[in-house]
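Enquirer: Can you read through this structure? Questions will come right after.
Just so you know, all these numbers are worked out from the coordinates, no wet-lab data involved. Please read these numbers as outputs of a predicted model, since none were measured by experiment. Every residue, glycine as well, gets a Cβ built from its backbone with ideal geometry; the counts of neighbours run over all protein chains shown.
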Amino acid sequence: MDRLKYVLIPSGVFPVLAGGFLIIAFSLGYYDWPVIAGAVALGAVLTLPAAHLVSRRIKRDDPDFDHRRTPEGGILPDPAAREV
């Protein structure tokens with residue numbers, strides 16, 4: 001499960017993509033609502049794949065990340081474990 005992409009979506013990838021498409025539309029002289037809605041929709045559609053690519057690149061460049069590591073235990077933490 002790649003949780004980093006879900007952090008990247010609202011914090012950086014969607015505003016950059018949608019804002020970029022809006023800037024392109026405005027610079028071409030389109031100021032109508034359908035064009036603005038289309039630019040935002042295009043940014044929303046392309047956000048998930050772009051966030052996935054950014055997340056994979058961050059993890060690939062991280063020397064401490066090991067994707068082959070098997071997690072200890074399961075989904076729930078050990079109830080007998082020491083509190084941090």
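Enquirer: Considering each of Asp32, Asp2 in turn, give the residue that is charged (D, E, K, R) and in contact with a Ser or Thr (Cβ under 6 Å, 6 or more places away or on another chain).
Expert: Unique residue meeting the criteria: Asp2.
Enquirer: Pairs under 7 Å by beta carbon, first residue touching a residue at least 24 places away in the same chain (Cβ under 8 Å) in the range 52-66, partner in a loop (DSSP other than H, G, I, E, B) and charged (D, E, K, R), six or more apart or different chains?
Expert: That search, which allows pairs on different chains as well, returns His52/Asp2; Ser55/Asp2.
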